[in-house]
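What follows is one structure encoded as structure tokens, with my remarks underneath.
The values are calculated or read from the model by the stated rules, or taken from the named source; none is laboratory data. It should be emphasised that the depicted structure is a prediction, and the values quoted were computed from it without experimental measurement. Every residue, glycine as well, gets a Cβ built from its backbone with ideal geometry; the counts of neighbours run over all protein chains shown. For accessibility, only protein heavy atoms count, side chains too; no ligands or nucleic acids. Shrake-Rupley method; radii C 1.70, N 1.55, O 1.52, S 1.80 Å.
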Amino acid sequence: MNIGEAAAASGVSAKMIRYYESIGLVPAPLRSESGYRVYGEAQVHILRFVSRARDLGFPLDQIRELVALWRDRERASTDVKRIALDHVAALEDKARRLQAMADTLRHLADHCHGDARPDCPILDDLGADGAVTRRARLRSHLLERRRG
């Protein structure tokens, strides 16, 4: 199949397929006599694997490791589990940071009058220097801990 058909079969755009090939994430396919890429089911299967890993938020370096482990029938599942759990920890950390941002913004919005007056704690916080911003974050965090 050509790249368009491989893209349709795998759910990965032709542009991304070319990119994944250029960085060595997926092996380059054979080429026809006229120079067109020719994909088989094995390449499409790898592309689906990569797509699913991307859907789960794995970064490219971890996907590269996972693809190598997936293709290695002598692999130890402990290596795969380590990568997955490392990614879970990164996702949980990101979720905590996102929640802290949401809490800070909610706190600032709660203290904004939202009327015709020009004073606004949201803009004050965004325009503050680093020390003031850190203090506001700490205040927000402490207020949230008291509420929860």
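Observations on the structure shown:
- Every pair of residues 6+ apart whose Cβ atoms lie under 6 Å, when the first sits in region 18-30 and is touching a residue at least 60 places away in the same chain (Cβ under 8 Å) and of a type outside the set (Gly, Ala, Ser) while the second is part of a helix (DSSP H, G or I) and surrounded by fewer than 13 Cβ atoms within 10 Å (Cβ to Cβ): none
- Set side by side, the residues 136, 131 differ, and just one is surrounded by 14 or more Cβ atoms within 10 Å (Cβ to Cβ), of a type in the set (A, V, I, L, M) and at pLDDT below 95, which is 136.
- Boolean, residue 114 is without any contact (Cβ under 8 Å) to a residue 40 or more places away in the chain, under 23 Å from the mean Cα position of the chain (by Cα) and in a loop (DSSP other than H, G, I, E, B): no
- Residue, farthest from residue 62 (Cα to Cα), within region 1-25, restricted to residues that are part of a loop (DSSP other than H, G, I, E, B) and of a type in the set (A, V, I, L, M): 1
- Some residue of region 41-51 being under 17 Å from the mean Cα position of the chain (by Cα) and surrounded by 18 or more Cβ atoms within 10 Å (Cβ to Cβ): yes
- Residue list for region 59-95, filter: outside any loop (DSSP other than H, G, I, E, B), open to solvent by less than 90 Å² (accessible area, probe 1.4 Å) and of a type in the set (D, E, K, R): 65, 79, 86, 93
- Scanning region 75-97 for residues that are modelled with pLDDT of 95 or more and aliphatic (A, V, I, L, M) turns up 80, 83, 84, 85, 88, 89, 90, 91, 95.
- Residue within region 32-46 that is within 30 Å of residue 89 (Cβ to Cβ) and in a helix (DSSP H, G or I) present: yes
- Considering the conditions (1) touching a helix residue (DSSP H, G or I) at 6+ places or on another chain (Cβ under 6 Å); (2) farther than 30 Å from residue 94 by Cβ; (3) part of a helix (DSSP H, G or I), residue 28 is excluded by exactly one of them, (3).
- Across region 1-39, the qualifying residues are those that are in contact with a strand residue (DSSP E or B) (Cβ under 7 Å, 6 or more places away or on another chain) and within 23 Å of residue 68 (Cβ to Cβ), and the one among them that is least open to solvent (accessible area, probe 1.4 Å) is 29.
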